[in-house]
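To start, the structure itself, in structure tokens.
The values are calculated or read from the model by the stated rules, or taken from the named source; none is laboratory data. Not measured: the values here are computed from a predicted model. FYI the Cβ positions are ideal-geometry reconstructions off the backbone, even for glycines, and counts take in every protein chain you see.
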Amino acid sequence: MSEEEMNKLIQDEDGEWITVPLDDDERAEILAEREAYDNDISPVRHRRNALLIESDWTQMADSPLTDEKKAEWATYRQELRDFPSTATKQSEFGDWPTQPE
């Protein structure tokens, strides 16, 4: 946590806002929440699923794409399917696969 994140604003007896350090329990709670969020890769899967749905049309028999372009899209879609297995935490994921033009 940064120095700024280890503080909180409270009002003193005079109604003035002051910055005070978080206590150990507050720090531990924030760190636990952040770790739980980082361990939840469901947002990555949701985005991946949305990108797959948006590109379904590229693999249809009546798609206007050439066979070469369909193959590019098929590769991209496989990279999307594989993407969630590249990390176990949100902070560990690299760049998303690049969509064909």
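Report the residue count in segment 63-73 for those that are out of contact with any Ser or Thr (no Cβ under 8 Å at 6 or more places or on another chain) and assigned to a helix (DSSP H, G or I).
So the count comes out to 4.
For the subset of segment 1-45 comprising residues that are part of a helix (DSSP H, G or I), touching a residue at least 24 places away in the same chain (Cβ under 8 Å) and hydrophobic (A, V, I, L, M, F, W, C), which member is surrounded by the most Cβ atoms within 10 Å (Cβ to Cβ)?
Among those that are part of a helix (DSSP H, G or I), touching a residue at least 24 places away in the same chain (Cβ under 8 Å) and hydrophobic (A, V, I, L, M, F, W, C), it is VAL44.
Touching a residue at least 12 places away in the same chain (Cβ under 8 Å), among the charged types (D, E, K, R) and not assigned by TED's automatic domain parsing to the domain that holds PRO97, is that true of LYS70?
When the stated conditions are applied, LYS70 does not pass them.
When the residues of segment 12-64 are filtered to those that are of a type in the set (Lys, Arg) and not assigned by TED's automatic domain parsing to the domain that holds SER85, which remaining residue is farthest from the chain's Cα centre (by Cα)?
ARG27
Suppose the filter is surrounded by 14 or more Cβ atoms within 10 Å (Cβ to Cβ) and without any contact (Cβ under 8 Å) to a residue 60 or more places away in the chain; does PRO84 pass it?
yes
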